[in-house]
Amino acid sequence: DAKTTQPNSMESNEEEPVHLPCNHSTISGTDYIHWYRQLPSQGPEYVIHGLTSNVNNRMASLAIAEDRKSSTLILHRATLRDAAVYYCILSWAGSYQLTFGKGTKLSVIP
Amino acid sequence: NAGVMQNPRHLVRRRGQEARLRCSPMKGHSHVYWYRQLPEEGLKFMVYLQKENIIDESGMPKERFSAEFPKEGPSILRIQQVVRGDSAAYFCASSPPMGTQNQPQHFGDGTRLSIL
């Protein structure tokens, strides 16, 4: 399975943008890039996913490098509710097993 | 609430007892997945079920663990003769059929199992 690498932790000030990086240098052409987050004492929550093009939804934006070897999850204005562990996961089309690593623990400072 | 419902939220069992964890998928979802999260670790895939069928149980321990998703009612993860090492958070997720679009999975808030 292709692996992802994320920083262990990041900090952001409230109401500022946050850029969460993910490296996936061994990604294959059919691997989708998924982001989930997990708030304390809750289950993972789907954030966004994409294949090649940048994606936007109401929660976040996903910027995918041209060579697809890295991607960045962008939270446009961090709130205290965004404090969570963020997981970057590769999953090929039609796959159903999500492989969660350690993720990035995001702290938001008021 | 139209989300994935898991119950109970917390379950305490003594060694040797049985644990039954329930999961009702989101409305319209016919695929259910179970994951286990040990303390300080990421979630690990256990089993994937469709109605009345186990599609992939490659992540499930061979002994004491079983799962079902009957035609009517919730999916059940059953752990027989529990041991201390079974203490973990068990999460259920659901999705519509995967197809080729790599559908996201929607998770419940988990059952936290503690073994005394």
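Just so you know, all these numbers are worked out from the coordinates, no wet-lab data involved. Since the model is a prediction, treat every value here as computed from it, not as a measurement. Here the Cβ positions follow ideal geometry from the backbone for every residue, glycine too, while neighbour counts run over all protein chains shown.
See the values below:
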{"quantity": "Relative packing of peptides B:42-51, B:66-75 - highest average C-beta neighbours within 10 Å first", "calculated": "B:42-51, B:66-75"}
{"quantity": "Antiparallel %, DSSP beta bridges [both residues in the protein assembly as shown], to 5", "calculated": "90"}
{"quantity": "DSSP beta bridges in chain A [antiparallel fraction, %, rounded to 5]", "calculated": "85"}
{"quantity": "Prolate/oblate/rounded call for the protein assembly as shown, Cα gyration tensor, a/c under 1.5 rounded", "calculated": "prolate"}
{"quantity": "In nm, spacing of pseudo-spin labels at residue A:53 and residue A:39 (7 Å Cα→C-beta vector)", "calculated": "3.1"}
{"quantity": "Among A:42, A:22, A:55 - extreme Cα towards positive end, dipole of region A:13-81, charges at beta-carbon", "calculated": "A:42"}
{"quantity": "Shielding of B:35-42 by partner chains, average beta-carbon count, 10 Å", "calculated": "3"}
{"quantity": "Chain B: mean projected area of Cα convex hull, nm²", "calculated": "7.2"}
{"quantity": "Furthest towards positive pole of dipole, B:55, B:12, B:105, structure part region B:12-111, Cβ charges", "calculated": "B:12"}
{"quantity": "Rounded to whole Hz, the Karplus (6.51, -1.76, 1.60) HN-Hα couplings of region B:42-52, x for glycine and proline", "calculated": "x, 5, 10, 4, 10, 7, 10, 10, 10, 3, 6"}
{"quantity": "Estimated inter-spin distance, residue B:62 and residue A:28, nm [label 7 Å along Cα→Cβ]", "calculated": "2.7"}
{"quantity": "Sorted by Cβ density within 10 Å, fewest first, the residues A:20, A:39", "calculated": "A:39, A:20"}
{"quantity": "Lysines with Cα under 19 Å of residue B:51, excluding same-chain neighbours fewer than 8 positions away", "calculated": "B:27, B:71"}
{"quantity": "Rounded, prolate or oblate (a/c below 1.5 giving rounded, otherwise prolate when a/b exceeds b/c) for chain A by Cα gyration tensor", "calculated": "prolate"}
{"quantity": "Residue A:74 versus residue B:41: modelled label distance in nm, points set 7 Å from Cα along the beta carbon direction", "calculated": "3.7"}
{"quantity": "Gyration tensor (alpha-carbon) shape descriptor, region B:7-46, a/c threshold 1.5", "calculated": "oblate"}
